[in-house]
Amino acid sequence: MAISLKSLETSAAPTPPRILEYGVPGIGKTVLGVTAPKAIFIRTEDGLGGKMPDGTSVMETLLANGGGTFPLCKTFEEVIECLGSLYNEDHEFQTLVVDSCDWLDLLVQTYAAKKAGFPSCAEVPYGKGFAEAARYFKEMYLTGLEALRLEKNMTIIQIAHEITVKVEHPELDPYTRFDMKMHKATNALVREYSDAILFASYKIASTKTDVGFNRKQNKAVGTGERLFQTQDKPTSLAKNRFAMPETIPLSWESVASHIPYFNQSKDKK
């Protein structure tokens, strides 16, 4: 293709978003995916057996919303087969949910170790096992996600568990923060790939309690309200490319309301 100034793009139509959510245990990370439009799940763990906040079955809610799920994937090859079927076969699914990214991380490590002829990535000399795992993760998995997003117009939602990590800061004392429970190489790839990384946690309120001698002490109290943190903090990783407020309710409606792709008809009015 000949490149010239005539080939400059003059419009920027919104494309489906790439969302990654992670958070504290039991907060209901699958709710976002289950309530997204016509979601199909690729599961590396069985996270659809629980209840929604209103007490209804997660699986029943998914099916009622026009969604579905592949059988539980036990190998990285099976995950890639799921991506291939969504790309090659006709379907009406609009959202792909991967649950979870960190269990997928373990599957790709097993795949890379097997390719290298070792029992685990940790046993491959010179750290090459994890480097190869990251390469497969990018070239096979992320490339597959991007093909579905751009050619099949599918929103991508990835779910991960949280872990606390120690941060070495050049200007501050070391501190801990929440991050995704993934190897640093694949973690970096997912961060770069995602348009939004949302940290799910409970809202914490501060109250003053009397400790005697006319002294008050601040006490953190959980409110039960579930929120997404959308911007990075020293305490937890987050980001977004949609100018979201610092926190939003943990719901699909709240997330979608800030994303141009889901508001195109409104913008044209």
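The values are calculated or read from the model by the stated rules, or taken from the named source; none is laboratory data. All values reported here derive from a predicted model rather than from experimental measurement. Cβ placement follows ideal geometry from the backbone for every residue including glycine, while neighbour counts extend to all protein chains displayed.
Of the residues that make up segment 56-72, is at least one crowded, with 20+ Cβ neighbours inside 10 Å, aromatic (F, W, Y), at pLDDT 95 or above and under 21 Å from the mean Cα position of the chain (by Cα)?
no
Considering each of I157, I163 in turn, give the residue that is closer than 19 Å to C82 by Cα, part of a strand (DSSP E or B) and in contact with a strand residue (DSSP E or B) (Cβ under 9 Å, 6 or more places away or on another chain). Full working, then the answer.
On the way: I163 fails: closer than 19 Å to C82 by Cα.
Exactly one residue qualifies, and that residue is I157.
Scan segment 32-56 and report the pairs whose first residue is under 9 Å from V97 (Cα atoms) and aromatic (F, W, Y) and whose second residue is surrounded by fewer than 22 Cβ atoms within 10 Å (Cβ to Cβ) and at pLDDT below 85, with Cβ atoms within less than 7 Å and a gap of 6+ or a chain change.
Note: pairs meeting the criteria are F41/L48.
It is to be established whether one or more residues within segment 123-144 are of a type in the set (A, V, I, L, M, F, W, C) and surrounded by fewer than 12 Cβ atoms within 10 Å (Cβ to Cβ). Steps first, answer last, please.
First, pick out the residues of segment 123-144 that are of a type in the set (A, V, I, L, M, F, W, C): 124, 130-131, 133-134, 137, 140, 142.
Then keep just the ones that are surrounded by fewer than 12 Cβ atoms within 10 Å (Cβ to Cβ); that gives none.
So far as segment 123-144 goes, no, none of its residues is of a type in the set (A, V, I, L, M, F, W, C) and surrounded by fewer than 12 Cβ atoms within 10 Å (Cβ to Cβ).
Tell me, yes or no, whether segment 63-77 has at least one residue that is in contact (Cβ under 8 Å) with a residue 60 or more places away in the chain, closer than 28 Å to F178 by Cβ and touching a helix residue (DSSP H, G or I) at 6+ places or on another chain (Cβ under 8 Å).
Initial filter on segment 63-77 (in contact (Cβ under 8 Å) with a residue 60 or more places away in the chain): 76.
Right, trim to closer than 28 Å to F178 by Cβ and you get 76.
Adding the requirement that they be touching a helix residue (DSSP H, G or I) at 6+ places or on another chain (Cβ under 8 Å) leaves 76.
Scanning segment 63-77, I find at least one residue that is in contact (Cβ under 8 Å) with a residue 60 or more places away in the chain, closer than 28 Å to F178 by Cβ and touching a helix residue (DSSP H, G or I) at 6+ places or on another chain (Cβ under 8 Å), so the answer is yes.
For segment 134-145, indicate whether the set of residues that are part of a strand (DSSP E or B), under 18 Å from V98 (Cα atoms) and either aliphatic (A, V, I, L, M) or in contact (Cβ under 8 Å) with a residue 24 or more places away in the chain (or both) is non-empty.
Keep residues of segment 134-145 that are part of a strand (DSSP E or B), which gives none.
Checked against the condition, which is being part of a strand (DSSP E or B), under 18 Å from V98 (Cα atoms) and either aliphatic (A, V, I, L, M) or in contact (Cβ under 8 Å) with a residue 24 or more places away in the chain (or both), segment 134-145 yields no hits at all.
Taking segment 40-57, which residues are in contact with a helix residue (DSSP H, G or I) (Cβ under 6 Å, 6 or more places away or on another chain), more than 25 Å from N153 (Cβ to Cβ) and not small (G, A, S)?
Answer for segment 40-57, where residues must be in contact with a helix residue (DSSP H, G or I) (Cβ under 6 Å, 6 or more places away or on another chain), more than 25 Å from N153 (Cβ to Cβ) and not small (G, A, S): E45, M52.
Given the criteria among the β-branched types (V, I, T), buried (at least 21 other Cβ atoms within 10 Å of the Cβ) and over 19 Å from E21 (Cα atoms), does V98 qualify?
Taking the combined requirement at face value, the residue does not satisfy it.
Which count do you get for residues in segment 117-128 that are within 20 Å of K74 (Cβ to Cβ) and touching a residue at least 12 places away in the same chain (Cβ under 8 Å)? Give the derivation first.
Our first condition is that a residue be within 20 Å of K74 (Cβ to Cβ); within segment 117-128, this holds for 118-121.
Then keep just the ones that are touching a residue at least 12 places away in the same chain (Cβ under 8 Å); that gives 121.
Matching residues across segment 117-128 total 1.
Examine segment 116-138 for a residue that is aromatic (F, W, Y) and within 21 Å of E21 (Cβ to Cβ), and state whether such a residue exists. Give the derivation first.
First pass over segment 116-138, keeping only residues aromatic (F, W, Y): 118, 126, 130, 136-137.
Among the residues that remain, those that are also within 21 Å of E21 (Cβ to Cβ) are: 137.
Yes: one or more hits.
Please specify each residue of segment 33-55 satisfying the condition of being within 22 Å of Q229 (Cβ to Cβ), at pLDDT 90 or above and out of contact with any strand residue (DSSP E or B) (no Cβ under 6 Å at 6 or more places or on another chain).
If the condition is that a residue be within 22 Å of Q229 (Cβ to Cβ), at pLDDT 90 or above and out of contact with any strand residue (DSSP E or B) (no Cβ under 6 Å at 6 or more places or on another chain), then V34, T35 are the ones that fit.
Restricting to segment 79-97, name every residue that is more than 25 Å from Y111 (Cα to Cα) and either free of Cβ contacts under 8 Å to residues at least 40 places away in the same chain or assigned to a helix (DSSP H, G or I) (or both).
In the first step, residues of segment 79-97 are kept if they are more than 25 Å from Y111 (Cα to Cα); the result is 89-95.
E89, D90, listed by residue number.
Results for (1) modelled with pLDDT of 75 or more; (2) hydroxyl-bearing (S, T, Y); (3) over 30 Å from E132 (Cα atoms); (4) outside any strand (DSSP E or B), shown as yes or no for each residue.
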{"site": "V190", "(1), (2), (3), (4)": "yes, no, no, yes"}
{"site": "S206", "(1), (2), (3), (4)": "no, yes, yes, no"}
{"site": "R226", "(1), (2), (3), (4)": "yes, no, yes, no"}
{"site": "E253", "(1), (2), (3), (4)": "yes, no, yes, yes"}
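Condition (residue is aromatic (F, W, Y) and part of a loop (DSSP other than H, G, I, E, B)) applied to segment 26-49: is it met by at least one residue?
Taking segment 26-49 as the starting set, the residues that turn out to be aromatic (F, W, Y) are 41.
With the extra rule that they be part of a loop (DSSP other than H, G, I, E, B), the set shrinks to none.
Within segment 26-49 (the criterion being aromatic (F, W, Y) and part of a loop (DSSP other than H, G, I, E, B)), the answer is no, since none of the residues qualifies.
If Y111 meets every condition in (1) of a type outside the set (A, V, I, L, M, F, W, C); (2) within 18 Å of the chain's Cα centre (by Cα); (3) surrounded by 15 or more Cβ atoms within 10 Å (Cβ to Cβ) apart from one, which number is that one?
Every condition holds for Y111 apart from (2).
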